[in-house]
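To start, the structure under review is shown below, and the notes come after it.
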Amino acid sequence: MSGQGQRRCSVDGCGREPRSRTAELCSAHYFRVRRTGKTGPAEIWDRKVQPCRLFDECGRDAIGGGHGLCNMHYQRVRSHGDPTIVWPNVCSGAEHPQWAGDDAGYGSVHERIRAERGPATDYPCRACGLPARWWCYDGKAPDQRPSPNGPYSYNLSHYRPLCGRCQALYMLGELDERQFSATP
């Protein structure tokens, strides 16, 4: 057993231990052989953290596979082809150029609710008082719209915070309107 710790990788100049009792190569050289078919030199390239090569003042670490760029500059290159492009803070809501207004979809309406009121988890369930999980549409808006996810309305006053159990009961029609609308 004492001789086991003295075994070394069979590549000249490599001082690492073999990957198992019966192996002759360390893990690095074993996987290099599998990948390239050759053991290569004894030196193993260690991935050292490098700074972003684009700007000295960036101060971020380069990411693996990012061609020496930090994540921010790499994503800018991927998106715009130029790592120096900085988009100004875009306004939100009705001032945003892609604002859909009353043509907002199911997901956009739910984003509006979260932006206006916060997550439903910050509220108690309107039916039982337990912590809520979702914003649920009451189905009573005159401007109701169909969607594959279920009907919805862009009128946010028709949404209530409900826990998972009460939402399921409401969807099944087993939670009456008084319970849904009541404040616990």
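The values are calculated or read from the model by the stated rules, or taken from the named source; none is laboratory data. Only a predicted model underlies this, so the values are computations on that prediction, with no experimental measurement involved. With ideal geometry, Cβ positions are generated from the backbone for all residues, glycine too; neighbour counts draw on all protein chains shown.
Number of residues in the stretch 93-128 that are over 21 Å from the mean Cα position of the chain (by Cα), small (Gly, Ala, Ser) and surrounded by 10 or more Cβ atoms within 10 Å (Cβ to Cβ): the value is 4.
Here the condition is being surrounded by fewer than 18 Cβ atoms within 10 Å (Cβ to Cβ) and free of Cβ contacts under 8 Å to residues at least 24 places away in the same chain; of 139, 164, it holds for 139 alone. Of the residues screened, residue 54 is one that is out of contact with any Lys or Arg (no Cβ under 9 Å at 6 or more places or on another chain), farther than 16 Å from residue 159 by Cα and not in a helix (DSSP H, G or I).
Out of everything in the stretch 18-58 that is among the aromatic types (Phe, Trp, Tyr) and closer than 24 Å to residue 8 by Cα, what residue ends up being surrounded by the most Cβ atoms within 10 Å (Cβ to Cβ)?
Taking the stretch 18-58 first, the residues among the aromatic types (Phe, Trp, Tyr) are 30-31, 45, 55.
Pick out the ones that are also closer than 24 Å to residue 8 by Cα and you get 30-31, 45.
Working: 30: 17, 31: 12, 45: 9.
The selected residue is 30.
Enumerate the pairs (first residue in the stretch 115-127 and within 12 Å of residue 159 (Cβ to Cβ) and assigned by TED's automatic domain parsing to the domain that holds residue 164; second residue anywhere and of a type in the set (Phe, Trp, Tyr) and surrounded by 14 or more Cβ atoms within 10 Å (Cβ to Cβ)) with beta-carbon separation below 7 Å, excluding pairs fewer than 6 apart on the same chain, so at least 6 apart or on different chains. Cβ pairs passing all conditions: 120/134; 120/135; 126/180.
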